[in-house]
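What follows is a short report on a single structure.
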């Protein structure tokens, strides 16, 4: 369940708010943010009325690489791929659990989602590898 703090459009997801919501997971969040900054990517927060919550977009210039959602159990990255380019995921050196998830993913329209709960440094690194793969796609 998402924390009530991130469902209030008046309370922006600033550092102290995110630290409060994420608790012990905040360190992993800052590690991820530092890694995307090193790649000249930007995390942009927006409040979305349809989902009644704040979501982060990881952007490479204007291209949306993935979505970031914050939960009281940690944070999730959600990537969307087309059927044509999702197969490249199998060639990445990432956890087999993620590759199995890809095999079982159901399309949303024409896109196939990959949702990763960031629970440790290994998962952060897997997320970065997927992010790098998505960045090089046209």
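Readers should treat all values here as calculations from the given coordinates under stated rules, not as data from a laboratory. Quick caveat, the model's predicted, so the values are computed rather than measured. Counting neighbours? That spans all protein chains shown, and the Cβs are built from the backbone with ideal geometry, glycine included.
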Ordered by packing density, taken as the mean number of other Cβ atoms within 10 Å over each peptide's residues, highest first, how do 68-78, 102-112, 46-56 rank? 68-78, 46-56, 102-112
What FRET efficiency would be calculated for the residue pair residue 129, residue 8, taking the C-beta separation as r and a Förster radius of 35 Å, to the nearest 0.05? 0.55
With everything on Cα atoms, drop me the angle between helix 26-38 and the longest principal axis of the chain, reported from 0 to 90° to the nearest 10. 60 degrees
Relative contact order of the chain, pairs being alpha-carbon contacts under 8 Å that are 6 or more residues apart, as %: 22 percent
Gap separating the Cα centres of the range 34-51 and the range 11-26, nearest whole Å: 14 Å
Set the Förster radius R0 to 30 Å, insert the Cβ-Cβ distance between residue 136 and residue 19 as r into 1/(1 + (r/R0)^6), and round the FRET efficiency to 0.05. 0.35
Hey, quick one: spin label on residue 93, modelled 7 Å out along Cα-Cβ, who in the range 22-62 has an amide N within reach, i.e. under 18 Å? none
If you fit an axis through the alpha-carbon atoms of helix 121-136 and take the longest principal axis of the Cα set of the chain, what angle between them do you get, 0 to 90°, nearest 10? 60 degrees
